[in-house]
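Q: Got a structure here, written out as structure tokens. Questions coming.
Here, each number is a calculation from the coordinates, and none is a lab measurement. This structure is a prediction, so every number in the text was calculated from the model and none was measured. Using ideal geometry, Cβ is built from the backbone for each residue, glycine included, and neighbour counts are taken over all protein chains shown.
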Amino acid sequence: MRRTADGRVRSVIDLHTHTLFSDGSLTPTEVVELAVREGLRAVAITDHDSIDGLEEALAAGVRLGIEVVPGVELNLEHDQVTMDLLGYFLDRCPGDEMQAALAELRAYRDERNARILERLAGLGVPIEPEELAAIAVDGAAGRPHIGEAMRRRGYVDSISDAFKRYLRRGAPAWVDRRRLSLAQAVRLLRDSGGLPVIAHPGIIRTDRAGLAAVVRDAARHGVVGLECHYPLHDDETVAACRGLCERYGLVATGGSDFHGDVKPDVRLGRADGGRPIADELLEDLRCLAHDRPKGRVNT
Ligand code: AMP
Ligand code: FE
Ligand code: ZN
């Protein structure tokens, strides 16, 4: 437990945040600065398909006296279920293989974004590729950037309005994308020293039995944790996730999925029911980081 300059105890953390390097609205430095203002003890930066913001965030953490956990978030498909994996404590300098794999994932996104823009044009709400590029300047471009472009054109009131009317799964401009398999995503993270954790299990599109099967398979593939604490999880979901952690020997983690203005209702360091995310979750994860075998694991 640490204290702030004015003597307050700092026991709050956040293990899931996005910056301008994917679909967040703040720079890595601004996220770290906000974490300090909110009294957090540690913050993980977990951009989609990009680790390009980590160096800046780590430097800001050193300067401002807050722990920054280097991370990333990857999307995958397993047994027709799509889900996200967070990877923590990545090596300071992940190898070329990691960077090449992430560049390929961003290329998948670009392919998909182009097809979404084609659909939008067909629906009478055109967005030019240049408008998207002007919004997604630093990294992994995705639907929230397209939503923002639509908002700027006045087609929709907000990014979430754009999702609801055009971009969500099943909506008129929905396009699927290529994804990693569970084994590929776990291997990619572990080869770069990352500890894989299932993101927001409560919003995976399956039922309770399906979730248990996904968590079981993930644990067998080398996933070590489950993001039990998340703003969209109710108490029952948190309890179910905690139960799955016990059953499959996983650590519980927590994150807000902070995106800045892109998700204005989300507050850094707060999860289910607005409750602060406790730093003991990070300590449990850290124990695994110290214990983990060096080098590749068999998946
Ligand atoms: P993409 O990576 O292009 O598939 O877009 C996924 C991103 O969109 C994630 O960061 C989600 O948090 C965000 N997202 C998903 N649904 C919505 C929604 N209804 N409103 C705002 N953002 C959303
Ligand atoms: Fe996610
Ligand atoms: Zn996320």
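Q: With each label point set 7 Å from Cα along the Cα-Cβ vector, what nm distance links ARG205 and ALA183?
A: In this crude spin-label approximation the distance works out to 2.5 nm.
Q: Sticking with this structure for a sec: Would you be so kind as to identify which of MET98, VAL81, GLY71 lies farthest towards the positive end of the dipole of segment 35-179, taking Lys and Arg as +1 and Asp and Glu as -1 on Cβ and the Cα centre as origin?
A: VAL81
Q: Using Cα-Cα distances under 8 Å and only pairs 6 or more residues apart, what relative contact order does the chain have, in percent?
A: 22 percent
Q: Same structure, new question: Convert each backbone phi in segment 263-274 into a coupling constant with the Karplus relation 6.51 cos²θ - 1.76 cosθ + 1.60 (shift: θ = phi - 60°), then list the ³J(HN,Hα) values in order as whole Hz, x for Gly and Pro.
A: Using θ = phi - 60°, the values come out as 10, x, 7, 8, 10, 4, x, 10, 10, 3, x, x Hz.
Q: Can I ask one more? Give the angle, between 0 and 90 degrees and rounded to the nearest 10, that separates the Cα long axis of helix 143-153 from the longest principal axis of the Cα atoms of the chain.
A: The angle comes out at about 50 degrees.
Q: Just how far, in whole angstrom, is segment 108-142 from segment 47-91 if you go by their alpha carbon centroids?
A: Cα centroid of segment 47-91 versus Cα centroid of segment 108-142: 24 Å apart.
Q: Can I ask one more? Which trypsin sites (Lys or Arg not before Pro) does segment 138-230 hold that lie in a coil by DSSP with at most 11 other beta carbons within 10 Å?
A: When the trypsin sites (Lys or Arg not before Pro) of segment 138-230 are filtered for loop state and at most 11 Cβ neighbours within 10 Å, ARG169, ARG205 remain.
Q: Of HIS233, HIS78, HIS200, which is the most mobile in a GNM of the chain whose springs link Cα atoms less than 10 angstrom apart?
A: HIS78
Q: Something else now. Tell me, what ³J(HN,Hα) does each residue in segment 282-288 have, in order and in whole Hz, if you take phi through Karplus 6.51 cos²θ - 1.76 cosθ + 1.60 with θ = phi - 60° and put x for Gly and Pro?
A: Calculated HN-Hα couplings, in order: 5, 5, 4, 5, 4, 4, 5 Hz.
Q: So, R0 is 41 Å and r is the distance between the beta-carbons of ALA239 and ALA114; what FRET efficiency does that work out to, to 0.05?
A: Result of the calculation: an efficiency of 0.45.
Q: Along the positive direction of the dipole of the chain (beta-carbon charges: Lys, Arg +1; Asp, Glu -1; about the Cα centre), which of VAL251, ILE127, LEU34 reaches farthest?
A: VAL251
Q: Still on this structure, please answer the following. In debye, nearest 20, what is the charge dipole magnitude of the chain about its Cα centre with +1 on Lys and Arg Cβ and -1 on Asp and Glu Cβ, if you could check?
A: Around 480 debye, computed over the chain.
Q: Write out the trypsin sites (Lys or Arg not before Pro) in segment 32-97 meeting two conditions: DSSP loop, and at most 12 other Cβ atoms within 10 Å of their Cβ.
A: Here the sparse-neighbourhood loop sites are ARG92.
Q: Could you work out how far helix 208-221 tilts from the main Cα principal axis of the chain, as a 0 to 90 degree angle to the nearest 10?
A: Between helix and principal axis, roughly 70 degrees.
Q: What translational diffusion coefficient, in µm²/s and rounded to a whole number, does the Stokes-Einstein relation yield for the chain at 25 °C and a viscosity of 0.890 mPa s, taking the hydrodynamic radius as the Kirkwood radius over Cα pairs?
A: Translational D for this selection: 126 µm²/s.
Q: So if we plug the beta-carbon distance of VAL81 and ARG247 into 1/(1 + (r/R0)^6) with R0 = 25 Å, what FRET efficiency do we get, rounded to 0.05?
A: The pair VAL81/ARG247 has a calculated efficiency of 0.85.
Q: Okay, moving on. If one takes the longest principal axis of the Cα atoms in the chain, at what angle in degrees, from 0 to 90 and to the nearest 10, does the Cα axis of helix 54-64 lie?
A: Around 50 degrees separate the two axes.
Q: Which one, ALA209, ALA57, ALA101, has the greatest fluctuation when you compute a Gaussian network model over the chain with C-alpha springs under 10 angstrom?
A: Evaluated over the chain, the most mobile residue of the options is ALA209.
Q: Can you compute the charge dipole magnitude of segment 1-159 about its Cα centre, using +1 on each Lys and Arg Cβ and -1 on each Asp and Glu Cβ, nothing else charged? Give it in debye, rounded to the nearest 20.
A: Roughly 700 debye for segment 1-159.
Q: Each residue of segment 156-169 in turn: what ³J(HN,Hα) in whole Hz from Karplus with 6.51, -1.76, 1.60 and θ = phi - 60°, glycine and Pro shown as x?
A: The phi angles translate into 9, 7, 7, 5, 5, 5, 5, 4, 4, 8, 10, 9, 6, 3 Hz.
Q: Go through the chain and flag any cysteine with no other cysteine's C-beta closer than 4.7 Å, please.
A: CYS93, CYS245, CYS287
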